[in-house]
Amino acid sequence: MRKKIVAGNWKMNKTLDEGVSFSDDLKQRIKASESEAIVVLGVPFIHLDRIAHFSDDLYSVSAQDCSTKESGAFTGEISSSMIASTGAQYVILGHSERRAYHEENNADLATKVDRCLSDALTVIYCCGEQLEEREANTHFEVIKSQLSEALFHLTAEQISSVVIAYEPVWAIGTGVTASSEQAQEIHAYIRSLFEEKYGKAISDDVSILYGGSCKPSNAEELFSKEDVDGGLIGGASLNSSDFIQIIDAI
Ligand code: PGA
């Protein structure tokens with residue numbers, strides 16, 4: 001049975017105090033919830049240690065990026081081993097905002113993926129097309145290269161520590177959500193790429209999350225689709241009442 005995951009992505013939001021009080025509130029809500037979803041909080045680096053140690057095992061903690069480098073004179077960078085040392089268990093890699101604003105490419109991401117896996121972190125690997133790519137009907141190709149160039153060098157054992165997040169760029173932070181049919185179509189395609197490369201057992205097990213304006217009003221419909229195993233939630237993860245409703249939609 002593949003895992004159902006609801007992961008929040010706070011992006012560059014919340015001071016340390018705000019993050020701690022959010023987590024406290026969310027913990028009470030998770031305790032009262034009957035959802036079987038694994039809850040992950042993708043927080044800024046400064047929150048990792050506190051939020052991880054404060055979790056009471058009710059949620060896991062994720063970084064939102066890591067360096068391509070192992071250690072050394074790279075001012076401002078944070079390595080995967082530093083992330084692992086905080087108690088975080090996940091790292092979001094390849095988010096479209098990192099690809100757009102920091103020019104991350106699939107080759108950089110392949111290196112980051114290797115670093116995270118060697119530090120026993122689970123990777124939430126983001127892929128997704130821009131609006132022009134969908135309009136030009138090249139979205140399948142784009143997703144295929146995002147996956148094959150950054151992930152498909154991994155062994156079958158390594159790939160089992162990777163979760164995929166399909167996030168159409170035109171749906172992120174825009175209020176426009178992919179329809180559940182559009183999401184299902186791409187998720188099934190991603191699973192078929194995994195099957196081609198790694199076989200059926202592994203493709204059946206990979207969790208594929210949807211991200212892009214997922215909110216309480218559309219989460220249940222999106223999560224009802226066969227190949228949608230949860231969500232990567234940006235804006236709606238900043239408010240614990242919205243976020244728990246999405247968790248409960250699993
Ligand atoms: P959004 O962001 O839910 O605010 O659209 C999703 C994401 O960027 O991961």
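The numbers here are math on the coordinates, done by the rules we state, and not lab data. None of these values were measured; they are calculated from a predicted model. In this analysis, Cβ positions are derived from the backbone assuming ideal geometry, glycine residues included, and neighbour counts consider all displayed protein chains.
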For the chain, the dipole about the Cα centre with charges only on Cβ (Lys and Arg +1, Asp and Glu -1), to the nearest 20 debye, works out at 340 debye
Cross-link reach from residue 27 to aspartates and glutamates, straight Cα distance under 12 Å and at least 8 residues apart if same chain, gives 56, 57
Treating only Lys and Arg (+1) and Asp and Glu (-1) as charged, each at its beta carbon, one finds that segment 33-158 has a dipole about its Cα centre, in Debye to the nearest 20, of 240 debye
So, relative contact order of segment 74-186 in percent, Cα under 8 Å, 6 or more apart, is 27 percent
With the 8 Å Cα cutoff and a minimum separation of six or more residues, segment 106-172 has a relative contact order in percent of 49 percent
Looking only at aspartates and glutamates whose Cα falls under 14 Å of residue 11's and that sit 8 or more positions away or on another chain, we get 65, 97
Rounded to the nearest Å, the spacing of the alpha-carbon centers of segment 100-133 and segment 182-200 is 18 Å
Computed over the chain, the relative contact order (Cα-Cα under 8 Å, seq sep at least six) in percent reads 22 percent
In segment 126-226, taking the dipole from +1 charges on Lys and Arg beta carbons and -1 charges on Asp and Glu beta carbons about the Cα centre, the listed residue (212, 159, 222) farthest towards the positive end is 159
The aspartates and glutamates whose Cα lies under 16 Å from the Cα of residue 144, excluding any fewer than 8 residues away in the same chain, are 129, 133, 167, 185, 195, 196
With -39,500 (n - 2.57) per DSSP H segment of 4 or more residues and division by the full residue count of the chain, the 222 nm estimate, nearest 500 deg cm²/dmol, is -12500 deg cm²/dmol
